[in-house]
Every structure is written in C-alpha cells, then in structure tokens.
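Here is the structure we will look at.
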C-alpha cells in the first residue's frame, strides 16, 4: 500500500540551488525537497508560503543535509 499524501507549506526555497524545505503538521520536523522530486513541467520552483501535497520518507537515524525527512514526490 502506498504511503498517503500529506499537506505541507513551503518554508524555504532556493532556486539557485534547486532545493528547499517544507513544514507539515503531520511530521515532527521539516522536510527536505529536491527540485527533481517536484511534479511539475518546465522550470521547477516553489514559493515560500505555498501549499503542497507530498509523500516523505523518514531517514532516521540518518538525515539529508540536517533534515530527518526527505520528500519523495511533491505536488504543488
């Protein structure tokens, strides 16, 4: 069974580096997002405050650049 989508809000996005972070009340920490996991055509960018739907994985006991959670797919 596939993991359900959760709702999150873009907390930070770096167009120049192609990544950002999303917060969600469904997880106890921020979620690292790479542009390659954002489901959209053309130039991939997200805006701070934008609501998104996503699936994330828990990397514990490891992390991705200091973030415990990493997005698998993000849908604006």
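The values are calculated or read from the model by the stated rules, or taken from the named source; none is laboratory data. Since this is a predicted model, take the numbers as computed values, not measurements. Here the Cβ positions follow ideal geometry from the backbone for every residue, glycine too, while neighbour counts run over all protein chains shown.
Figures for the structure shown
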item: Per-region count, the range 21-39, residues under 14 Å from residue 76 (Cβ atoms) and either modelled with pLDDT under 95 or surrounded by 13 or more Cβ atoms within 10 Å (Cβ to Cβ) (or both); result: 5
item: Which listed residue is modelled with pLDDT under 95, farther than 17 Å from residue 69 by Cβ and surrounded by fewer than 21 Cβ atoms within 10 Å (Cβ to Cβ), from 42, 18; result: 42
